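The values are calculated or read from the model by the stated rules, or taken from the named source; none is laboratory data. Computed from a predicted model, the values in this text were never measured in an experiment. Using ideal geometry, Cβ is built from the backbone for each residue, glycine included, and neighbour counts are taken over all protein chains shown. Side chains are part of the model used for accessible areas, which takes the heavy atoms of the whole protein and leaves out ligands, DNA and RNA. Shrake-Rupley method; radii C 1.70, N 1.55, O 1.52, S 1.80 Å.
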Amino acid sequence: LVLSNDTALNSLLSKLLQDYLEQTNSSAPSQVRSPSSNLEIIYVLLMIGLFGFFTVGVMLTNIRARRLEDSRDPYNTYIATDVWHKKDREYFQAKLIENYKLCCVFENQLAVEQPSMQIPEAKSS
């Protein structure tokens, strides 16, 4: 009795092995899709949807929090008054005037063009 069970199990395993090898060696791809592959697609879409939902929620919460900031906040007041543009412009003008006062021009009398004198020409040999 034990031998017949063992023989039946061996023949079953050999048959399964042959079927598997024929399936992997066949050149035609099988067109049959298992029903679990549809569930995998639904799972991936569900995960992407949940990620998108939480991302949009965080973005909207952040935007709403920025709108509710106190308008009397010194940082927002500093930016809103636009005083720093005027200070930059005044600083730039002061630096320009200071550089203009420090500027001086030296004139090289020998390099200045003198129409009455002729430039000597090099003699070709």
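Structure summary
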read-out: By accessible area with a 1.4 Å probe, ligands and nucleic acids excluded, highest first: order of 14, 116; value: 116, 14
read-out: Solvent-accessible area of residue 21 with every protein chain in place, 1.4 Å probe, in Å² to the nearest 10; value: 80 Å²
read-out: Spin-label model distance (nm) - residue 105 vs residue 26, 7 Å beyond Cα toward Cβ; value: 9.5 nm
